[in-house]
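Undergrad: Mind having a look at this structure? Questions to follow.
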Amino acid sequence: MENYSENNIVEIGGTVASEFEFSHELFEEKFYKFYVETRRLSNYSDKLPIIVSERLLDIGELKIGDIVYISGQFRSYNQPVDGKSKLVLSIFAKNIEKRDDESLLTLNDATFIGYICKEPIYRKTPLGREIADALVAVNRTYKKSDYIPCILWGRNAKFCEKVDVGTMVKLNGRIQSRTYEKKQEDGTVTRKVAYEVSIAKLSIDRKENNEINEN
């Protein structure tokens, strides 16, 4: 997997849903964060965080409500919070374009090649629907990795339950946001948002995994 750009491919379409905020600066290059709202076929919308370089566009060119097309990668980093490490996820834009095309409003496609790095958790809902949670490590340049939370359904969930840690997998799905409530130590309840990839396709490269096991 020397071509790291093929390990993590994301295409998103939607509308600009927030103002641009300064995120960080790296080697005198400034990066900004904003949110894009993309629709599901069910008409529910996901608001997804985007990180974009000042070199890709003049942020003054975009305003809330504009339709955009973005291609890039879904990346993670660990952020210290109250003495603990929190996994922070965002879409790193490698290309961003303003478009006048409403067909883009439901575009949300993510493909990953990585390794199962934590034992998948399989369960059933009260209505009997099968679900599995998996964490996939996707290699990046400079010996870095992105850790992608994934959720699988039905047959994929049942199959994933039996996949060993360390297995190389190829996954395709859509990035989604999920709101949940967390009770604090003082009894107050805080509303939070989590991001994960809802997986539609899961495959295992048997040849690649055999070579890994042999080594």
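Undergrad: Looking at (1) crowded, with 20+ Cβ neighbours inside 10 Å; (2) under 17 Å from the mean Cα position of the chain (by Cα); (3) not assigned by TED's automatic domain parsing to the domain that holds Arg40, find the lone condition where Cys160 falls short.
TA: Of the numbered conditions (1) crowded, with 20+ Cβ neighbours inside 10 Å; (2) under 17 Å from the mean Cα position of the chain (by Cα); (3) not assigned by TED's automatic domain parsing to the domain that holds Arg40, the odd one out for Cys160 is (2).
Undergrad: Can you say whether Tyr142 is at pLDDT below 95 and among the aromatic types (Phe, Trp, Tyr), as far as the supplied structure shows?
TA: Considered against the rule, which asks whether it is at pLDDT below 95 and among the aromatic types (Phe, Trp, Tyr), Tyr142 comes out as yes.
Condition check ((1) surrounded by 18 or more Cβ atoms within 10 Å (Cβ to Cβ); (2) touching a helix residue (DSSP H, G or I) at 6+ places or on another chain (Cβ under 6 Å); (3) in contact (Cβ under 8 Å) with a residue 40 or more places away in the chain; (4) under 25 Å from Tyr4 (Cα atoms)) across all residues:
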site: Gly114; (1), (2), (3), (4): yes, no, yes, yes
site: Gly128; (1), (2), (3), (4): no, no, no, no
site: Asp146; (1), (2), (3), (4): yes, no, yes, yes
site: Asp164; (1), (2), (3), (4): no, no, yes, yes
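Undergrad: Among the candidates Glu37, Glu61, which residue alone is in the same structural domain as Gly13 (by TED's automatic domain parsing), within 12 Å of Val16 (Cβ to Cβ) and more than 20 Å from the chain's Cα centre (by Cα)?
TA: None of the other options fit; the residue is Glu61.
Undergrad: Out of all the residues in segment 52-85, which are part of a loop (DSSP other than H, G, I, E, B), surrounded by 13 or more Cβ atoms within 10 Å (Cβ to Cβ) and modelled with pLDDT under 90?
TA: The answer is Leu57, and nothing else.
Undergrad: Now for a different question. Kindly establish whether Arg178 is in contact (Cβ under 8 Å) with a residue 60 or more places away in the chain and either β-branched (Val, Ile, Thr) or surrounded by 12 or more Cβ atoms within 10 Å (Cβ to Cβ) (or both).
TA: In short, no.
Undergrad: Please work out which residue is farthest from Ile113 (Cα to Cα), limiting yourself to segment 186-202 and to residues that are exposed (fewer than 14 other Cβ atoms within 10 Å of the Cβ) and under 18 Å from the mean Cα position of the chain (by Cα).
TA: Lys192
Undergrad: Between Asp66, Asp82, which is touching a Ser or Thr at 6+ places or on another chain (Cβ under 7 Å) and not basic (Lys, Arg)?
TA: Just one listed residue meets the conditions, Asp66.
Undergrad: Taking Arg99, is it without any contact (Cβ under 8 Å) to a residue 60 or more places away in the chain, out of contact with any Leu (no Cβ under 8 Å at 6 or more places or on another chain), surrounded by fewer than 19 Cβ atoms within 10 Å (Cβ to Cβ) and basic (Lys, Arg)?
TA: When the stated conditions are applied, Arg99 does not pass them.
The values are calculated or read from the model by the stated rules, or taken from the named source; none is laboratory data. Just so it is clear, the model here is predicted, and its values are computed rather than measured. Here Cβ is always computed from backbone atoms with ideal geometry, including for glycine, and neighbour counts include all displayed protein chains.
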